[in-house]
Amino acid sequence: MSERIKKTTLNDQVLAEQDEDGIVVVTLNKPERRNAYSMEVKQGLIALLPELMDDPNCRAIVLTGAGGNFSAGGDVSQMRDRSIIEMRRFMEVSHDIVLQITRGPKPVIAAVEGLAFGAGLSLACASDYVVAASNARFCAVFMRIGILPDVGLRWTLTRRVGPGKAQELITLTDEVGGAEAERIGIANKICEPGAAVEVAVQMAKRFVDIPPIAFALNKAAYFDGAASLSATIQSELAYQPILKLTNDHREAVNAFREKRKAIFTGT
């Protein structure tokens, strides 16, 4: 991993470190509670993610957890009776987080060690790419406590594994190990335990080589324009003319003709 040159602490449960390549490692940092998805974690993420998505010095985000786990899901110590309005507002914070991950213009790579349960699974599945250690365990635990999956999981998990498998995992709440997660599509790449962040950073460097505007618009098209052929065609009409006029497109064409590596500026 490149030498890290900047460190920012948002609160004691979310840390961010940026390296010289513009890759920011965001760490859920409550290892004594297996990085439970607490209100403090939510507040840290919702403060940080929009800032990173708008920061030209941030080229990609690696999302991980401290202490050998990604996240064990919702913080049981904070689960209590709330009014319907309070619960909706409580949930909207998580919805804003998952929308930042899925709609934001920067690549988000999840680096999963140990548990990715409940909301932890939701955060992983919302990411653009998932690196999982072989000892990782994924589980949609929601039905075990009598609630629906949230943090967008029914959409993101279905995108990864298909509707039938998603329904099975959500309904039966079976745990999925690292190798199985790669086989069915939850994880994109498996690595040795303890190496998930390092491998995720290396993958982030590959994402950084993609023209930034093209990546951002392709991600937007995937989110909004891949539900049907008609929607796909409409997203092509909306975004392709824009991309054909970018400096990055011209640079790619010139680099191909001149048999050299393109240098993209995000313009």
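Side notes on the structure shown:
- Filtered residues of the stretch 123-144 (kept if small (Gly, Ala, Ser) and buried (at least 18 other Cβ atoms within 10 Å of the Cβ)): ALA124, ALA126, SER127, ALA132, ALA133, ALA136, ALA140
- Condition check for GLU175 on (1) out of contact with any helix residue (DSSP H, G or I) (no Cβ under 8 Å at 6 or more places or on another chain); (2) touching a residue at least 40 places away in the same chain (Cβ under 8 Å): one failure, at (2).
Residue-by-condition table, conditions (1) closer than 21 Å to VAL197 by Cα; (2) modelled with pLDDT of 95 or more; (3) surrounded by fewer than 23 Cβ atoms within 10 Å (Cβ to Cβ):
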position: PHE70; (1), (2), (3): yes, yes, no
position: GLY73; (1), (2), (3): yes, no, no
position: MET79; (1), (2), (3): no, no, yes
position: ILE84; (1), (2), (3): no, no, yes
position: ALA110; (1), (2), (3): yes, yes, no
position: GLY146; (1), (2), (3): no, no, yes
position: TRP155; (1), (2), (3): no, no, yes
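- ALA255 meets the conditions (1) surrounded by 15 or more Cβ atoms within 10 Å (Cβ to Cβ); (2) without any contact (Cβ under 8 Å) to a residue 24 or more places away in the chain; (3) of a type in the set (A, V, I, L, M, F, W, C) in every case but one. The failed one is (1).
- All positions within the stretch 175-217 that are assigned to a loop (DSSP other than H, G, I, E, B), surrounded by 21 or more Cβ atoms within 10 Å (Cβ to Cβ) and at pLDDT 95 or above: ILE186, ALA187
- Test: residue in the stretch 38-57 that is surrounded by fewer than 17 Cβ atoms within 10 Å (Cβ to Cβ), under 25 Å from ARG137 (Cβ atoms) and modelled with pLDDT under 90: yes
- Once the stretch 1-19 is narrowed to residues that are closer than 23 Å to LEU115 by Cβ and assigned to a strand (DSSP E or B), the residue that is modelled with the lowest pLDDT is LEU10.
- Options THR232, THR171: the member that is out of contact with any Asp or Glu (no Cβ under 9 Å at 6 or more places or on another chain), part of a helix (DSSP H, G or I) and within 25 Å of GLY74 (Cα to Cα): THR171
- Being outside any helix (DSSP H, G or I), basic (Lys, Arg) and more than 20 Å from LYS106 (Cβ to Cβ) is a description that applies to ARG260.
The values are calculated or read from the model by the stated rules, or taken from the named source; none is laboratory data. Remember, predicted model here, so these are calculated numbers, not experimental data. Here Cβ is always computed from backbone atoms with ideal geometry, including for glycine, and neighbour counts include all displayed protein chains.
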